[in-house]
Amino acid sequence: MQNTPSYKSTIYACYLGHFVQAAIINAAPILFLTLISRYNLTFEKMGRLALINFITQVAVDLLFSRIADKRGVRFFIVAGHALAFTGLFLYALSAFLPSRNYLGFAVSTIVYSFGGGLLEVLLSPIVNAIPTPEKAKAMSLLHAFYAWGQLTVVLASSLLLALFGAERWYLIMLFWSILPLLNTFFFLKVPLAPMVPEQHRTRTGEIIKNRFFMLCLVCIMAGAVAENAMAQWASSFLEAAVGIPKIIGDYAGVGVFALTLGIGRTYYGKMSGKLDIYKAMLLGGVISLACFITAAFSPFPVLSLFACAFCGLGVSLLWPGTLVIAAEKFPLAGTSMFALLAAAGDIGAATGPWTLGLISDKAPLIMQKLGFPGTQAVGMRTGFLAVSVFPLLVLLSVFKLRRKQKKHEPEEAS
């Protein structure tokens, strides 16, 4: 019997955990237009569900990271998967609540988002704690599996919706609830590496006061806005604003977005020792900015489709890249640092889709008052243009991070 445990099963369980996270975040948005038409809902209300999702995850990120550090992570990672299963299952049952469907959507979103928050807090530090000299590679590949999960969720959900029909949309949520149920049992068994002991851990207050870390928070928040606004609204945008049939928009637009997201993260994971993370993120910011502006203004459907699809490559490293930069700067940080970064990312992921939905609703009304034609298509294009501010903010943040790193600033607060 080996004295040193093998962590391969742990890594695989974490990969599946990111598939679960992908289902939590991306399954419902595929159904947005279906639910809007069936239950007479607005774009803002559906965007509000995304807001509820990520705000709940932010609360969990901030409240449970220190508890998990002290009490151990196994209980919380198992509970996170159990809650994710319960929430997705309840979302499906909301189809059978006459006149209370939206309330069901909101409550079930809170439940599975609570579970998703625990996964987000714990998956990265669990992988980071595994003894390996290739931390950047491991972290990037972990987040690559979120992208592959997103691709799988988008393609499979669209196919299932076409097969079962809009009236049986709830079967899709039941299908995705199987993943967290399975991973609940996996995490009861897999070995977990010990976290950084408390006496050796960098204090959270010291990290928060550091300007380098504050820039990391801004960067991951802005990157999350760009990634999630495109991921959650591209399907509806391509159908309602561009006029592309849903199945084509989901596969060639959202599906390729997830594909390029996965390719970018997997490529960096394979080449992490040879690529400058700062240069890669700067390039990603430029690509993201160009894609949002192109989608907002292009009169050509194919070009808009191309912009939505390949935005995934641009945003691929903005979230995991920031985690890599922060982990290298603060190697003795505990779960709390990852939780703070996750909370900042979730704030961006919450406000981005909700803001885009709100602008899509309000912009046509404002334009009509000004005497211009205000259509749903114009509203959604305006929303995409507004969100393009955030890739620009990423560029500014990464530029400053790179400059500070080159100066070898001391870790203490400045």
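As a rough guide to protection, the peptides 313-321, 277-285, 146-154 ranked by mean Cβ packing within 10 Å, highest first, stand as 313-321, 146-154, 277-285. Taking θ as phi - 60° and the Karplus parameters 6.51, -1.76 and 1.60, the scalar couplings of region 321-332 work out to x, 5, 4, 5, 4, 5, 5, 5, 6, 10, x, 9 Hz in sequence order, x denoting glycine and proline. Isolated cysteines in the chain, defined as those with no second cysteine Cβ under 4.7 Å, comprise Cys14, Cys216, Cys219, Cys308.
What is the log10 of I(q)/I(0) for region 287-363, computed with the Debye formula using one identical point scatterer on each Cα and no solvent, at q = 0.15 Å⁻¹? Normalising to I(0) and taking log10 leaves -0.70.
The accessible-area ordering, largest first, of the residues Phe399, Phe292, Phe64 stands as Phe399, Phe64, Phe292, per a 1.4 angstrom probe.
Would you please calculate the Kirkwood hydrodynamic radius of region 1-138 over all C-alpha pairs and express it in Å, rounded to one decimal? Please list the in-between numbers first.
On the way: mean 1/r = 0.0614 Å⁻¹.
One over the average 1/r among Cα pairs gives 16.3 Å for region 1-138.
Each Cα pair under 8 Å and six or more residues apart adds its sequence gap; the mean of these over the residue count of region 257-311 is a relative contact order of 46 percent. Between 0 and 90 degrees, the angle of helix 335-369 with respect to the longest Cα principal axis of the chain falls at about 10 degrees. Placing unit charges on the Cβ atoms of the charged side chains and taking the dipole of the chain about its Cα centre, the candidate lying farthest along the positive direction among Leu174, Met281, Ala343 is Met281.
Accessible surface computed residue by residue for region 340-398, with neighbouring protein chains in place and a 1.4 Å probe, gives 41 Å² per residue. Using C-alpha pairs below 8 Å separated by at least 6 residues, the relative contact order for region 80-228 is 31 percent. For region 320-405, rounded, prolate or oblate, judged on the Cα gyration tensor with a ≥ b ≥ c (square roots of eigenvalues), a/c < 1.5 rounded, else prolate if a/b > b/c? Verdict is prolate for region 320-405. Over the chain, all Cα pairs binned in 10 Å intervals from 0 give whole-percent P(r) values of 5, 24, 34, 24, 10, 2, 0, 0, listed from short to long.
Remark: for residue pairs Lys189/Lys406; Lys137/Lys400; Lys8/Lys209; Lys270/Lys400; Lys70/Lys274, the C-alpha separation exceeds 32 Å in Lys189/Lys406; Lys8/Lys209; Lys70/Lys274.
P(r) tail, region 209-286: Cα-Cα pairs separated by more than 17 Å, 59% of all pairs.
Here the chain has 69 percent of its accessible surface on carbon and sulfur atoms, given a 1.4 Å probe and all protein chains in place. Note that region 20-26 has calculated 3J(HN,Hα) couplings of 4, 4, 5, 5, 4, 8, 10 Hz, one per residue in order, obtained from phi through the Karplus relation 6.51 cos²θ - 1.76 cosθ + 1.60 (θ = phi - 60°); glycine and proline are x.
How high is the relative contact order of the chain, in percent, with contacts defined as C-alpha pairs under 8 Å that are six or more residues apart? Don't skip to the end; give the middle numbers.
On the way: 713 pairs, mean separation 105.5, N = 414.
It rounds to 25 percent for the chain.
Here's the picture: charge each Lys and Arg Cβ at +1 and each Asp and Glu Cβ at -1 in the chain, and of Leu358, Ala92, Gly117 the one pushed furthest to the positive end of that dipole is Gly117.
When the square roots of the Cα gyration tensor eigenvalues are ordered a ≥ b ≥ c, the ratio a/c for region 1-75 is 1.5 or more and a/b does not exceed b/c, which makes its shape oblate. 3J(HN,Hα) along region 154-170, derived from phi through the Karplus expression 6.51 cos²θ - 1.76 cosθ + 1.60 where θ = phi - 60°, amounts to 5, 5, 5, 5, 5, 5, 5, 5, 5, 6, 8, x, 4, 6, 10, 4, 5 Hz, with x in place of Gly and Pro.
What do you get when you divide the Cα radius of gyration of region 33-78 by 2.2 N^0.38 Å, with N the number of residues? That ratio works out to 1.74.
Once a ≥ b ≥ c are taken as the square roots of the eigenvalues of the Cα gyration tensor of region 253-333, is the result rounded (a/c under 1.5), prolate (a/b larger than b/c) or oblate (a/b not larger than b/c)? Judged from the Cα gyration tensor, region 253-333 comes out prolate (a/c at least 1.5, a/b above b/c).
Whole number in Å², please: accessible area per residue of region 42-146, 1.4 Å probe, ligands, DNA and RNA not counted.
Numbers: 4020 Å² over 105 residues.
Roughly 38 Å² per residue, with all protein chains present.
Computed over the alpha-carbon pairs of region 258-414, the distance histogram in 5 Å steps reads 2, 8, 14, 18, 19, 14, 10, 7, 5, 3, 1, 0 percent, short to long. Among Ile244, Val256, Tyr267, whose Cα projects farthest towards the positive end of the dipole of region 225-283, with charges put on the beta-carbon of Lys, Arg (+1) and Asp, Glu (-1)? In region 225-283, that residue is Tyr267. Within the P(r) computed for region 149-240, what percentage of the Cα pairs occupies the region above 14 Å? Pairs farther apart than 14 Å: 81 percent. Of Leu358, Leu163, Leu215, the residue with the largest accessible area leads and the full order is Leu163, Leu358, Leu215 (1.4 Å probe). Over region 164-317, the hull volume per residue, using the convex hull of the C-alpha atoms, is 179 Å³.
The values are calculated or read from the model by the stated rules, or taken from the named source; none is laboratory data. The structure displayed is predicted, hence computed values, not measured ones. Reconstructed Cβ throughout: ideal geometry from the backbone, glycine too, with neighbour counts over all protein chains shown. Note: accessible area is taken over every heavy atom of the protein model, side chains too, but ligands, DNA and RNA are not part of it. Shrake-Rupley method; radii C 1.70, N 1.55, O 1.52, S 1.80 Å.
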